[in-house]
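Visitor: Got a structure for you, written out below as structure tokens; questions coming shortly.
The values are calculated or read from the model by the stated rules, or taken from the named source; none is laboratory data. None of the values given here were measured: they were computed from a predicted structure. Glycine gets a Cβ as well: all are built from the backbone with ideal geometry, and neighbour counts include every protein chain shown. All accessible areas refer to the heavy atoms of the entire protein, side chains included, with ligands and DNA or RNA removed. Shrake-Rupley method; radii C 1.70, N 1.55, O 1.52, S 1.80 Å.
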Amino acid sequence: KELNDLRKLSQRDSGGGGGMISVFHVPTHEEFTMNGSDTTVSLTQGVAANGNAVFACRYQGQVLNMTTQYTVDGNRITFVGFTPEAGTIIAVTYMP
């Protein structure tokens with residue numbers, strides 16, 4: 001629902017009269033099936049704001065905490081302190 005709300009918001013236009021931002025990038029969502037040995041995933045695009053534009057990085061339904069459970073460098077996410085289990089999904093929503 002939140003992602004759809006952001007998409008709708010990005011399609012609005014202020015008509016040039018100020019107020020709302022008329023256009024911004026739509027967040028990107030990617031999912032990765034883990035193999036039990038990789039501790040990184042590579043996104044198709046770099047993350048904006050020096051990696052701070054990750055809205056959510058989820059593992060087994062839990063939102064991970066940036067810096068304590070993962071780090072971001074360009075388009076690469078590295079998991080800290082654990083290796084995702086084989087067959088599990090990492091879901092990332094971010095602003096490129």
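Visitor: If each of THR39 and THR71 carries a label point 7 Å out from its Cα toward its Cβ, how far apart are those two points in nm?
Guide: So the two model labels end up 1.0 nm from each other.
Visitor: Determine the share of the range 24-71's accessible area contributed by carbon and sulfur atoms, expressed in whole percent, with a 1.4 angstrom probe.
Guide: Answer for the range 24-71: carbon and sulfur cover 46 percent of the accessible area.
Visitor: For THR88 and PHE55, compute 0.36 nm times the residue count separating them, minus their Cα-Cα distance, and round to one decimal in nm.
Guide: Fully extending the segment from THR88 to PHE55 adds 9.9 nm.
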